[in-house]
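> Dropping a structure here in structure tokens format, bear with me for questions.
The values are calculated or read from the model by the stated rules, or taken from the named source; none is laboratory data. For clarity, every value in this text was computed on a predicted model and none was experimentally measured. As a convention, Cβ positions derive from the backbone with ideal geometry for all residues, glycine included, and neighbour counts pool all protein chains shown. These accessible areas exclude ligands, DNA and RNA; they are computed on the full protein's heavy atoms, side chains included. Shrake-Rupley method; radii C 1.70, N 1.55, O 1.52, S 1.80 Å.
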Amino acid sequence: MPSHTGWDDLSKALSTVSQSSGKYRFWWRDDDAVEVTDALKQLGDCAGDAPLCIAVIPEGAQENLNSFVSENPGVSVLQHGIAHRNRALPTEKKSEFPAHRAFEAMTETMEELERWRETLEAMFGDRFLPIFVPPWNRIDDGFFSTLSIVGFKALSTYRRSREGMPQILQLIDTHIDVIDWRNGRKFKGEGAVLSEITSMLKSGEPLGLLTHHLVHDQDCWAFLDTFRQFIDAHPNAEWVHPLSLGQPS
């Protein structure tokens, strides 16, 4: 087990979990998969036996992803938008599902979402989960009913408030992004990520790790490999499949 302040603090925080509440649960989502690359293969190796959800961009998804999923039994597939195309207005933050699209192009968007969901389900069978991941982790509330209508049971974003979420759609969120997107799209650093994780434990909720295999550097890969093994070894922590979180059923 790693032994320096950040890892020691995390280990101590995990050790405070009462036995009655069970182990602290972690789940792992990685975004932007479209084809098998060296980085995706390294992600599979890094995850080991831990359940891993890859968010696949359906438009342009290559058939060779089937081989990666087949060779990695712990991997599940989520739908990552439609084409990861920015449709926000010039004054808005990037989003493929901004408010104006929820009303101006509802029918078109609904048909696209359903068609691509069915495509991914046909490609990956029961390894495809009905969990929707919007690009840039942004989606207007006006799309919630649409997601439910076309067959999605849950939404996964990044630190989204549960306020306003309808009962028809569960929220299975991520909380720790290892990449600093505002400062060069680089790894935040081991100390910074460990500090975030330790602080997030106080929430008591299952913690979602968010990664983006295409932008990882060597330090990021090294951290992820160590972190996965750390959770594997800690008696009060475990990797879980999102379906085990009780959502979706």
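> With an 8 Å Cα cut-off and a minimum separation of 6 or more residues, compute the relative contact order for the chain in percent.
On the way: 412 pairs, mean separation 66.5, N = 249.
Over the chain, the number comes to 27 percent.
> For a quick check, take a GNM of the chain with Cα springs below 10 Å and name the residue from H212, H100, H80 with the largest mean-square fluctuation.
Taking springs between Cα atoms under 10 Å, the residue moving most is H100.
> Would you mind working out the magnitude of the charge dipole of the chain relative to its Cα centre, with +1 at each Lys and Arg C-beta and -1 at each Asp and Glu C-beta, to the nearest 20 Debye?
Numbers: 24 positive and 36 negative charges, 137 e Å.
In debye, rounded to 20, the chain gives about 660.
> Beta carbons within 10 angstrom, averaged per residue: use that to sort the peptides 224-231, 160-167, 61-68, highest first.
With the highest mean Cβ count within 10 Å placed first, the list reads 224-231, 61-68, 160-167.
> Here's another thing I want to ask about it. Over the chain, with every protein chain in place, what whole percent of the accessible area is carbon and sulfur at 1.4 Å, could you tell me?
Details: 5410 of 11660 Å².
For the chain, the apolar C and S fraction of the accessible surface comes to 46 percent.
> Quick one: accessible surface of D217, probe radius 1.4 Å, all protein chains present, in square angstrom to the nearest 10.
60
> On to the next question. Which of the lysines could a cross-linker span from K188 if the Cα-Cα distance has to be under 28 Å and same-chain partners fewer than 8 positions apart are dropped?
K12, K23, K41, K93, K94, K202
> Can you list the HN-Hα couplings for segment 139-147, worked out from phi with the Karplus curve (6.51, -1.76, 1.60; θ = phi - 60°), rounded to whole Hz and with x for Gly and Pro?
7, 6, 4, x, 8, 4, 5, 4, 4
> Under 10 Å from the Cβ of A47, count the other residues' Cβ atoms, weight Lys and Arg +1, Asp and Glu -1, and hand me the total.
Value of the local net charge: -3.
> Which whole-number percentage describes the relative contact order of segment 147-249, with Cα contacts under 8 Å and a sequence gap of 6 or more? Mind dumping the intermediate values first?
Values: 99 pairs, mean separation 26.5, N = 103.
Relative contact order comes out at 26 percent.
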